[in-house]
Amino acid sequence: MRLVPNISAPAFSTSAFLLGLLLCDGLTPAEQNALGSWFMLIGQTITTNASQQQLLNNRKKLSNDYNSHVINDNNLKQSAENIKKEVNNIFNNFE
């Protein structure tokens, strides 16, 4: 679902400001407070969900990066062993 429009950040913020002003029209202060709290709770829920998802994605990326380094380290160790064997074969052929 593409709910967020593809507009600049200032235009996006300005649209929220203007919508907030329009929603205040005709509401009592108590109604404005209730509605504002309700919208803030929606925003906090979305932000909490997004931050948790970002955390999990970052942990997965770090885990993948670590595993790729382990694989690379193992490859380097195997390559070093292969080189060592080849060098030993060369020196053994000269004896």
Item to complete: Mind telling me which of the residues F12, F91, F17 ends up being in contact with a Pro (Cβ under 8 Å, 6 or more places away or on another chain), of a type outside the set (K, R) and part of a helix (DSSP H, G or I)?
Response: F12
Practice prompt. Looking only at the stretch 26-38, decide whether some residue is at pLDDT 95 or above, open to solvent by 80 Å² or more (accessible area, probe 1.4 Å) and within 29 Å of the chain's Cα centre (by Cα).
Written response: yes
Item to complete: Just name the residue that is modelled with the highest pLDDT out of those in the stretch 44-95 that are open to solvent by 100 Å² or more (accessible area, probe 1.4 Å) and of a type in the set (D, E).
Response: E86
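The values are calculated or read from the model by the stated rules, or taken from the named source; none is laboratory data. Predicted, not measured: the structure shown is a model, and the values here were computed from it. Note that we place each Cβ from the backbone using ideal geometry, even for glycine, and neighbour counts take in every protein chain shown. Note: areas computed on protein heavy atoms with side chains; ligands, DNA, RNA excluded. Shrake-Rupley method; radii C 1.70, N 1.55, O 1.52, S 1.80 Å.
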